[in-house]
2 protein chains.
Amino acid sequence: MKRIAVDMDEVLADALSEHLTRYNRDHGELITKAQLHGKWLWDVVSADRHERLEGYLRSEDFFEDLPVLADSQEVLQKLSEHYEIFIATAAMEFPNSFGPKYRWLRRHFPFIPPTNYVFCGDKSILLADYLIDDTFRHFERFRGKGILFTAPHNAEITGVHRVAGWREIEKFFLPVGRA
Amino acid sequence: MKRIAVDMDEVLADALSEHLTRYNRDHGELITKAQLHGKWLWDVVSADRHERLEGYLRSEDFFEDLPVLADSQEVLQKLSEHYEIFIATAAMEFPNSFGPKYRWLRRHFPFIPPTNYVFCGDKSILLADYLIDDTFRHFERFRGKGILFTAPHNAEITGVHRVAGWREIEKFFLPVGRA
């Protein structure tokens with residue numbers, strides 16, 4: 001059985017929407033996802049506010065209640081019948097996120113056992129056939145095939161297999177007749 | 001650079017001593033490590049107390065202040081000059097342990113960056129050349145070479161490369177002339 005490692009933020013969990021909501025609310029701004037084409041949020045927020053941007057991610061409740069990305073539950077459940085699924089999230093920068101991320105996965109993806117969660121920093125440690133991730137640099141030392149999940153910040157990246165959402169992942173991994 | 005994955009409990013952190021101390025204190029017993037030859041603590045404690053044994057591991061402070069195993073800091077620091085070191089701990093059974101384990105590693109092994117911590121359940125996800133672990137079953141699906149770190153519960157296991165402590169690990173990975 002082939003193994004797929006799946007990133008969490010911006011692939012399963014819509015952390016960017018929550019980040020924008022909190023930042024806009026506290027600073028009276030109206031930054032949208034559309035403005036972030038090819039950019040990280042850090043690129044459009046003035047440098048003197050970067051510390052605050054980080055602060056949201058460090059807060060106890062940030063990762064507790066994120067929206068689930070469209071179709072991810074249904075497609076991942078189907079995939080889990082044909083592939084070994086691991087959730088691999090780079091949690092080491094924000095140790096406060098461990099508990100919330102664990103609870104969020106239990107709540108929204110109950111069909112994936114906790115033994116298949118991996119909280120890591122450097123994803124080159126993963127032994128998997130595929131890695132679905134929105135951050136291109138994780139593919140650089142990954143031994144399997146990287147699949148880039150479209151997010152505003154990676155819009156300009158080329159030369160990698162890209163998917164725009166979970167329906168495209170379904171088509172790639174479960175061609176007609178197999179699902 | 002070859003990569004070594006190192007387990008945490010009973011390899012770096014003496015969790016068993018803490019477990020015995022708490023259990024003996026609360027139940028007026030005097031179970032020693034010597035009595036655990038070839039056995040898990042669960043095997044010598046009556047079944048009606050297994051829930052309590054588990055309870056210690058779930059408590060917030062259990063993993064916060066564990067003793068460091070002899071020579072592990074010095075040898076691991078030397079190894080980190082010649083090998084890529086990852087700490088891989090099966091933390092998913094006890095989600096309360098994430099924070100304490102993270103802080104413990106930062107405090108006692110500051111030369112290992114948090115990007116190289118891996119909190120997982122199934123260690124077959126690790127891509128490494130070696131895995132030093134006290135639990136034999138983690139070697140079954142591991143693709144590299146397993147090195148069994150002696151602990152009471154694994155005393156009877158044969159047919160695997162075994163080390164009795166960190167000085168033996170030093171000899172294996174850093175033969176004379178290389179250290």
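Observations on the structure shown:
- Scope region A:81-106; condition more than 22 Å from B:GLU60 (Cα to Cα) and within 14 Å of another protein chain (Cβ to nearest Cβ); matching residues: A:TYR83, A:GLU84, A:ILE85, A:PHE86, A:ILE87, A:ALA88, A:THR89, A:ALA90
- When residues of region B:3-28 are limited to those that are surrounded by 13 or more Cβ atoms within 10 Å (Cβ to Cβ) and part of a loop (DSSP other than H, G, I, E, B), the one farthest from the other protein chains (Cβ to nearest Cβ): B:ASP14
Residue by residue, here is whether (1) among the charged types (D, E, K, R); (2) surrounded by fewer than 18 Cβ atoms within 10 Å (Cβ to Cβ) holds:
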position: B:LEU127; (1), (2): no, no
position: B:ARG141; (1), (2): yes, yes
position: B:PHE149; (1), (2): no, no
position: B:PRO152; (1), (2): no, no
position: B:GLY159; (1), (2): no, yes
position: B:ARG162; (1), (2): yes, yes
position: B:ARG167; (1), (2): yes, yes
position: B:PRO175; (1), (2): no, yes
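- Selection count, region B:127-141, where residues are under 16 Å from the mean Cα position of the chain (by Cα) and at the interface with chain A (Cβ under 9 Å from one of its Cβ atoms): 0
- For region A:78-103, residues that are over 11 Å from A:CYS120 (Cα atoms) and in contact (Cβ under 8 Å) with a residue 60 or more places away in the chain total 8.
- Selection of region A:104-132 for residues being touching a residue at least 60 places away in the same chain (Cβ under 8 Å) and out of contact with any Gly (no Cβ under 7 Å at 6 or more places or on another chain) yields A:TRP104, A:LEU105, A:HIS108, A:PHE109, A:VAL118, A:LYS123, A:LEU126, A:LEU127, A:ILE132.
- Looking only at region B:112-121, residues that are surrounded by fewer than 18 Cβ atoms within 10 Å (Cβ to Cβ) and more than 7 Å from chain A (Cβ to nearest Cβ) come to 1 in all.
- Looking only at region A:145-171, residues that are more than 18 Å from the chain's Cα centre (by Cα) and within 26 Å of B:ILE125 (Cα to Cα) come to 1 in all.
- Of the residues making up region A:61-68, at least one is away from chain B (no Cβ under 14 Å), surrounded by 14 or more Cβ atoms within 10 Å (Cβ to Cβ), touching a helix residue (DSSP H, G or I) at 6+ places or on another chain (Cβ under 8 Å) and within 22 Å of B:PHE94 (Cα to Cα).
- Number of positions in region A:38-60 that are surrounded by 11 or more Cβ atoms within 10 Å (Cβ to Cβ) and touching a residue at least 12 places away in the same chain (Cβ under 8 Å): 13
- Take the conditions (1) under 22 Å from B:LYS123 (Cβ atoms); (2) more than 11 Å from chain B (Cβ to nearest Cβ); (3) over 15 Å from the mean Cα position of the chain (by Cα); A:SER124 misses just one of them, which is (2).
Rule-based calculations on the coordinates, nothing more; no lab input. Just so it is clear, the structure is predicted and the values come from calculations on it, not from any experiment. Don't worry about glycine lacking a Cβ; one is built from the backbone with ideal geometry, like all the others, and counts go over all protein chains shown.
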